[in-house]
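K.L.:
Just passing along the structure, written as structure tokens.
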Amino acid sequence: MKITSNNEDKRYMRYALNLAKRNLGNTGKNPSVGCVIVSKEKKIISAASTGLNGSPHAEKIAIEKSCADIEGATVYVTLEPCNHSGENPPCAELLVKEKISRVVISQKDDNPLVDGKGIKYLKDSDVIVDTGVLEEEANLINGGFLNRVKNGKPNINIKIASSADGKTALRDGKSKWITNDLSRNYGHRLRSTHDAILVGINTVLSDNPMLNCRLEGLQNRSPCRIILDTTLRIPEDSKIIKTAKEFNTIIFTNLNASRKKIKKLERLNVKVLRVSQLEDSYLNIDEILLEIGKAGFNNLLIEGGHTIITSFLSSEKVKLIYWFSSDKIIGGDGLSSIGNLNLQNIKEGPNLKLIEIINLNNNYLKTYEVLK
Ligand code: AOF
Ligand code: ZN
């Protein structure tokens, strides 16, 4: 049963959510879960998040590193504890064995292997269970995983870096440097918290990007790079291909793409996946997203360009927009961040809910949730 949470529960849960949030992108196909243990004496005696690539689960790490007796403690966890044996042992069983008296859960796990079984096991074992504490915030962290297990697709987040008047480049395409260093570093941080990053071939041809995370110490947290390349135009000497042995790389192309080119790319360590093409000659986004889901990616970051951003925004449910906006004005002859949406009236367009603003030394990162 869902009960109204008190402020103390929210405070501990917020800590658990922060742990989960900062660990996003590190847990493979598993969700990033946060867990905080509070003793009978109301002291935080342990805190953890899911381990690298999804093992061990957060609850097990928190229990093992607890600095005091955990009998009778309360456990705050951002996702329902599992009670099945997969790659990891069942957490609900462990919590009961350790004589935890209360478990506060933010959000239920819709993975069919869990789906209420963890909560039921805890209740049947006389543990007090409260659910729904800061569920909306938890959904921003768990949502990608839950979407993948329910619909087979990842959550789609878009990154835009623009001038104050929403332009991403000058008329001639020059975009260096509209935003400042801090924004660009934060952009790399975003790459590290996503499982995959996607751009169109035009971005590769014009910018020759690496699309990895280049923050010191976080290079090994780079996402899988995904390129949409309908006719396999990617140059073999592009940075993406040259670094494909170091960073996972997937190219989506059409069903008639040259076998010879595909073989060549595969030899260079690139995974090539073929999908159908739509009437407007774009690759079928639905098929692409299902393939990305199949690969186990929960959170996808779209980094451009303009055409790709526009087609995702108009054809699919985008979850978040990370919008870096700088202290420069480019003017009407600059390139817009978003292309034509062909709206007949304002109501038809995407509706945004601002969920966070960060001041990055006179640039701003606004994080919007896209409400349709
Ligand atoms: C938890 N705590 O920290 C995470 C959970 O194959 P396994 O055993 O690792 O189980 C994977 C499933 O467990 C995953 O699909 C999701 O439903 C849940 N993840 N559960 O109790 C955790 N990461
Ligand atoms: Zn578990």
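K.L.:
Could you list all residues from segment 245-271 that are of a type in the set (A, V, I, L, M) and free of Cβ contacts under 8 Å to residues at least 40 places away in the same chain?
P.N.:
Across segment 245-271, the qualifying residues are 251, 255, 257, 262, 265, 268, 270.
K.L.:
Could you identify the single residue in 29, 99, 40 that is among the charged types (D, E, K, R) and at positive phi?
P.N.:
99
K.L.:
Got at least one residue in segment 138-149 being more than 14 Å from ligand 1 (Cβ to nearest atom) and closer than 22 Å to residue 51 by Cβ?
P.N.:
yes
K.L.:
Select from segment 48-75 the residues that are in a strand (DSSP E or B) and over 22 Å from the mean Cα position of the chain (by Cα) and write down the one among them that is nearest to ligand 2 (Cβ to nearest atom).
P.N.:
Here the residue is 75.
K.L.:
I've got another one for you. Enumerate the pairs (first residue in segment 129-158 and touching a residue at least 40 places away in the same chain (Cβ under 8 Å); second residue anywhere and part of a helix (DSSP H, G or I) and β-branched (Val, Ile, Thr)) with beta-carbon separation below 8 Å, excluding pairs fewer than 6 apart on the same chain, so at least 6 apart or on different chains.
P.N.:
These pairs meet every condition: 131/119; 153/292; 154/292; 158/309.
K.L.:
Follow-up question, since we're still on this one. Taking segment 79-123 only, how many residues are of a type in the set (D, E, K, R) and either assigned to a strand (DSSP E or B) or more than 11 Å from ligand 1 (Cβ to nearest atom) (or both)?
P.N.:
Number satisfying all stated conditions: 6.
K.L.:
Follow-up question, since we're still on this one. So how many residues does segment 121-141 have that are within 16 Å of ligand 2 (Cβ to nearest atom) and surrounded by fewer than 16 Cβ atoms within 10 Å (Cβ to Cβ)?
P.N.:
1
K.L.:
Still on this model: Specify which of the listed residues (144, 118) is away from ligand 2 (no atom under 16 Å from the Cβ), small (Gly, Ala, Ser) and buried (at least 22 other Cβ atoms within 10 Å of the Cβ).
P.N.:
144
K.L.:
Can you tell which of 117, 29, 108 is touching a residue at least 12 places away in the same chain (Cβ under 8 Å) and more than 20 Å from the chain's Cα centre (by Cα)?
P.N.:
Unique residue meeting the criteria: 117.
K.L.:
Something else now. Can you tell me which residues in segment 34-68 are polar (S, T, N, Q), more than 9 Å from ligand 1 (Cβ to nearest atom) and surrounded by 15 or more Cβ atoms within 10 Å (Cβ to Cβ)?
P.N.:
Result: 39, 46, 66.
So that you can scan it fast, the table gives a plain yes or no per residue for (1) touching a residue at least 24 places away in the same chain (Cβ under 8 Å); (2) of a type outside the set (Phe, Trp, Tyr); (3) more than 11 Å from ligand 2 (Cβ to nearest atom); (4) within 20 Å of residue 17 (Cα to Cα):
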{"position": "43", "(1), (2), (3), (4)": "yes, yes, yes, yes"}
{"position": "78", "(1), (2), (3), (4)": "yes, yes, yes, yes"}
{"position": "88", "(1), (2), (3), (4)": "yes, yes, no, no"}
{"position": "92", "(1), (2), (3), (4)": "yes, yes, no, yes"}
{"position": "95", "(1), (2), (3), (4)": "yes, yes, no, yes"}
{"position": "104", "(1), (2), (3), (4)": "yes, yes, yes, yes"}
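K.L.:
Can you find, within segment 152-180, the residue that is nearest to residue 297 (Cα to Cα) among those that are surrounded by fewer than 17 Cβ atoms within 10 Å (Cβ to Cβ) and touching a Leu at 6+ places or on another chain (Cβ under 9 Å)?
P.N.:
Among them, the one singled out is 152.
K.L.:
Right, here's the next one. Given (1) of a type outside the set (Ser, Thr, Tyr); (2) in a strand (DSSP E or B); (3) surrounded by fewer than 21 Cβ atoms within 10 Å (Cβ to Cβ), identify the lone condition not met by residue 149.
P.N.:
Of the numbered conditions (1) of a type outside the set (Ser, Thr, Tyr); (2) in a strand (DSSP E or B); (3) surrounded by fewer than 21 Cβ atoms within 10 Å (Cβ to Cβ), the odd one out for residue 149 is (2).
K.L.:
Restricting attention to segment 337-372, which residues are more than 19 Å from the chain's Cα centre (by Cα), surrounded by 16 or more Cβ atoms within 10 Å (Cβ to Cβ) and part of a strand (DSSP E or B)?
P.N.:
Of everything in segment 337-372, those that are more than 19 Å from the chain's Cα centre (by Cα), surrounded by 16 or more Cβ atoms within 10 Å (Cβ to Cβ) and part of a strand (DSSP E or B) turn out to be 360, 363, 364.
Computed from the coordinates by the stated procedures, all read-outs in this text should not be read as laboratory data. None of these values were measured; they are calculated from a predicted model. Note: ideal-geometry Cβ built from the backbone for every residue, glycine included; neighbour counts use all protein chains shown.
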